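Peer 1: The following block contains the structure, expressed as structure tokens.
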Amino acid sequence: MHAWLNEQGITSAGFSVALDGLKMSIARWTEPGDRLSTAIPGLSLFRRDAPTQPMTYLFERSICVVAQGVKQVLLGDDTYVHHSRQFLITSVDLPVVCRVLDASRESPYLSLLLTIDQREMALLMADNNLPPPRAQQSSRGMAIGDVTLPLLAAFQRLVDLLDEPKDIPILGPIIQREIVYRLLVGDQGAHLRQMALAGTQSRQIAQAIYWLKDNFNKPFRIEALADQVNMSASTFHHHFRTVTAMSPLQYQKWLRLNEARRLMFAERLDATTAALQVGYESPSQFSREYSRSFGAPPMRDIERLRDAASRSPTSSQ
């Protein structure tokens, strides 16, 4: 019986073998409920043995590959569900709600996350030998693409370097460069290039996001931030929402509330002190907005988080 061939002439059996190898590698390096920041810069491995509750994260520019299981990511009103034949790519820093949908002790959720090197991407884009991308393009800062066998093989070789720590400084950057190359010429390549190319509206929105991350505790005017990235206020507002699925003020509020949550949880600040530190002038407004975002008043939510942490100390993306 002939093996099924996809449009690239790659057998489905070959893909399955490669995927099984990546599953085994991630499982070998992780424990149940684990997030492992590896010795390879930018590479993290994840494992969950049961579905998770929704949790908020700030996804940086990265690619996530699921070797086993299913993950759901909510960006504004958009829902992204991806599995082992798809990757999730994030081209700007985006606030999301994330949960693992499919995982068990017998068949755990296994994935990896690799941050994308902006400098490496720019160098490859400047190379005249870089083939053109496929036509598909999205204006969102997040997209799902198809995992190819060459991309899967590159990730396998990257994870395999964990067995040879002395080779990481030399071979790690070479393999990561190959991964970025395969993304740039793949089905989300046009999307990535648009986000990285200087002078484009997507790149201008990315610059505004960097500013908001660095200055989230300061008040700002839409007109001033738009002017800073050389856009009109109306164009800026429209494209910011297109890329991030939220307004600039909603983005700032997300950053403030999640930093306040971290301060109360990790540094044990009280709610009023945390609110003032992240830029709120009214503790009561902070409490109202916090309750709407996290489903409970600040201190009750923090107690719930600490209780969950005592039972499951590590969460997964």
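The values are calculated or read from the model by the stated rules, or taken from the named source; none is laboratory data. Predicted model only: the values in this text are computed from it and were never measured. Cβ sites come from the backbone with ideal geometry, for glycine too, and all protein chains shown count toward neighbours.
Peer 1: Restrict the check to segment 66-77 and report whether at least one residue is of a type in the set (Gly, Ala, Ser), farther than 30 Å from residue 167 by Cα and crowded, with 21+ Cβ neighbours inside 10 Å.
Peer 2: Yes, the conditions are met somewhere in segment 66-77.
Peer 1: Could you pull out the residue among 15, 59 that is closer than 17 Å to residue 152 by Cβ and not β-branched (Val, Ile, Thr)? Let's see the steps before the verdict.
Peer 2: On the way: 59 fails: closer than 17 Å to residue 152 by Cβ.
Only one candidate passes the filter, namely 15.
Peer 1: Return a yes/no flag: does segment 189-199 have any residue that is within 25 Å of residue 45 (Cβ to Cβ) and not charged (D, E, K, R).
Peer 2: Scanning segment 189-199, I find at least one residue that is within 25 Å of residue 45 (Cβ to Cβ) and not charged (D, E, K, R), so the answer is yes.
Peer 1: Scanning for something farther than 30 Å from residue 302 by Cα, free of Cβ contacts under 8 Å to residues at least 60 places away in the same chain, among the hydroxyl-bearing types (Ser, Thr, Tyr) and in the same structural domain as residue 125 (by TED's automatic domain parsing), does segment 180-188 turn up at least one residue?
Peer 2: yes
Peer 1: Return the total of residues in segment 85-97 being of a type outside the set (Phe, Trp, Tyr), surrounded by 21 or more Cβ atoms within 10 Å (Cβ to Cβ) and closer than 26 Å to residue 16 by Cα.
Peer 2: Count: 3.
Peer 1: Would you pick out the residues in segment 115-138 that are of a type outside the set (A, V, I, L, M) and either within 17 Å of residue 69 (Cβ to Cβ) or not in a loop (DSSP other than H, G, I, E, B) (or both)?
Peer 2: Matches in segment 115-138: 115, 118, 119, 120.
Peer 1: Just to be sure, is residue 317 assigned by TED's automatic domain parsing to the domain that holds residue 255 and either modelled with pLDDT under 90 or exposed (fewer than 14 other Cβ atoms within 10 Å of the Cβ) (or both)? Talk me through it step by step, then tell me what you get.
Peer 2: Values: assigned by TED's automatic domain parsing to the domain that holds residue 255: no; either modelled with pLDDT under 90 or exposed (fewer than 14 other Cβ atoms within 10 Å of the Cβ) (or both): yes.
Judged against the criteria, residue 317 is not a match.
Peer 1: Right, here's the next one. Take residue 134 and decide whether it is under 18 Å from the mean Cα position of the chain (by Cα) and among the basic types (Lys, Arg).
Peer 2: No: the conditions fail for residue 134.
Peer 1: Further question: So, of the residues in segment 38-96 that are assigned to a strand (DSSP E or B) and small (Gly, Ala, Ser), which turns out to be farthest from residue 27 (Cα to Cα)?
Peer 2: Among those residues, the one meeting the criterion is 62.
Peer 1: Would you say residue 130 is in the same structural domain as residue 30 (by TED's automatic domain parsing), under 19 Å from residue 202 (Cα atoms), of a type outside the set (Val, Ile, Thr) and at pLDDT below 95?
Peer 2: Against the criterion (in the same structural domain as residue 30 (by TED's automatic domain parsing), under 19 Å from residue 202 (Cα atoms), of a type outside the set (Val, Ile, Thr) and at pLDDT below 95), residue 130 does not qualify.
Peer 1: A further question follows. Being loosely packed, with under 13 Cβ neighbours inside 10 Å and of a type in the set (Lys, Arg) is the requirement here; does residue 256 meet it?
Peer 2: Spelling it out, it is not the case that residue 256 is loosely packed, with under 13 Cβ neighbours inside 10 Å and of a type in the set (Lys, Arg).
Peer 1: Restricting the search to segment 97-114, which residues are assigned to a strand (DSSP E or B) and either more than 17 Å from residue 255 (Cα to Cα) or basic (Lys, Arg) (or both)?
Peer 2: Answer for segment 97-114, where residues must be assigned to a strand (DSSP E or B) and either more than 17 Å from residue 255 (Cα to Cα) or basic (Lys, Arg) (or both): 99, 100, 101, 102, 109, 110, 111, 112, 113, 114.
Peer 1: Within segment 121-139, is there a residue that is under 23 Å from residue 93 (Cα atoms) and among the charged types (D, E, K, R)?
Peer 2: There is no residue in segment 121-139 that is under 23 Å from residue 93 (Cα atoms) and among the charged types (D, E, K, R).
Peer 1: Does residue 251 count as crowded, with 21+ Cβ neighbours inside 10 Å, touching a strand residue (DSSP E or B) at 6+ places or on another chain (Cβ under 8 Å) and modelled with pLDDT of 95 or more?
Peer 2: Details: crowded, with 21+ Cβ neighbours inside 10 Å: yes; touching a strand residue (DSSP E or B) at 6+ places or on another chain (Cβ under 8 Å): yes; modelled with pLDDT of 95 or more: yes.
So residue 251 fits the description; yes.
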